[in-house]
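This report refers to the structure that appears directly beneath it.
The values are calculated or read from the model by the stated rules, or taken from the named source; none is laboratory data. Please read all numbers here as calculations on a predicted model, not as lab measurements. Don't worry about glycine lacking a Cβ; one is built from the backbone with ideal geometry, like all the others, and counts go over all protein chains shown. Accessible surface areas use protein heavy atoms only, side chains included; no ligands, DNA or RNA. Shrake-Rupley method; radii C 1.70, N 1.55, O 1.52, S 1.80 Å.
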Amino acid sequence: MSKIPVMGDDLPATMLAMLGHDFELHPWNVSPENPVLQVVQGLITYGHPHVDGPLLDRCPNVKVVSNHGVGVDHIDVAACTARGVLVGNTPGVLDASTADMTIALLLALARNVVTGDAFAHGPHFRHYDPSNMIGTEVTGATLGIIGLGRIGRQVARRAHGFDMRVLYHGRTRQYAAEQTLNVDYVSLDDLLSQSDFVALNCPLTPETKHLINSQTLAKMKRSAMLINMARGGVIDQDALYTALTTGVIAGAALDVTDPEPLPRDHRLLKLSNLIITPHLGSASDRTRRRMQEMTVENLRAGLRHEPLPYGVQAP
Ligand code: DGY
């Protein structure tokens, strides 16, 4: 039986094993000169390569775009739908691990884990100094979650383990979750002005693009810390730089940036009150394995012209 041509880059060995021998895998090369684009039937977006209308027009035989991950802001879903191309993603399975990482970054920021690690490795740590690196108490603090979706709800559950007061703001008010999760809906301004920690767990949409900017940063407490587990584009990074260097807020942790990665000489990378991790939200062994399985399940279904088990609808 002839193999089905698909395009996707940097796939891990576990995923290659799941794909088996049914596919002819081509590296991601969107150059109009690439003859593979004419024959390829499926696109695997592993690591967020962009898919838009012009690319799809160069790939007349593509039936399915299978995304490894839940966020599809790098895929023009409307353009896919208009061309009859199905889009799949991996919802649900990464909520816990992304929430774990949100809390990991919150704790790391609050308690100087990264700067403390560097100090303890370096030559200046000569004796225990009780005055050194006093952090912010997490227990009992107020956490504001922007985006109480599946991931945000898991963050709320974890925050209650630290006796935190949990506020949220989002497009939709969630009355049921307010009862079950003991979270309070507030306006964006109230969330920003009352929270000790602000966690971004929302998708990147036209409404959330640069939601965190110089005006919204100015509404936060000077002692507050910001954690971005969403997408880099939710924050105006120039405004964040100014806020972190002029004391408008105390610290930030970014698991995502815009662009990603930042240029190696970017000024944000020089700040000691900023933690950056390389998009590790869902990077735990069990979660990533399940994401790979779902990506392959969606690909196979799409190539068979079947409804995708985890399909994305055009907005
Ligand atoms: C997601 O699921 O959207 C994560 O960012 C990984 O792609």
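Which of the following residues is closer than 30 Å to PRO60 by Cβ and within 11 Å of the ligand (Cβ to nearest atom): VAL77, VAL72, VAL93, VAL87? One residue alone meets the criteria, VAL72.
When VAL62 is tested against (1) closer than 30 Å to GLY161 by Cα; (2) touching a helix residue (DSSP H, G or I) at 6+ places or on another chain (Cβ under 8 Å), only condition (1) is not met. Here MET229 fits the description: in contact with a Leu (Cβ under 8 Å, 6 or more places away or on another chain), of a type in the set (A, V, I, L, M), surrounded by 24 or more Cβ atoms within 10 Å (Cβ to Cβ) and over 21 Å from THR242 (Cβ atoms). Within the range 112-171, if we keep just the residues that are of a type in the set (Ser, Thr, Tyr) and within 20 Å of SER272 (Cβ to Cβ), the residue that is most open to solvent (accessible area, probe 1.4 Å) turns out to be SER131.
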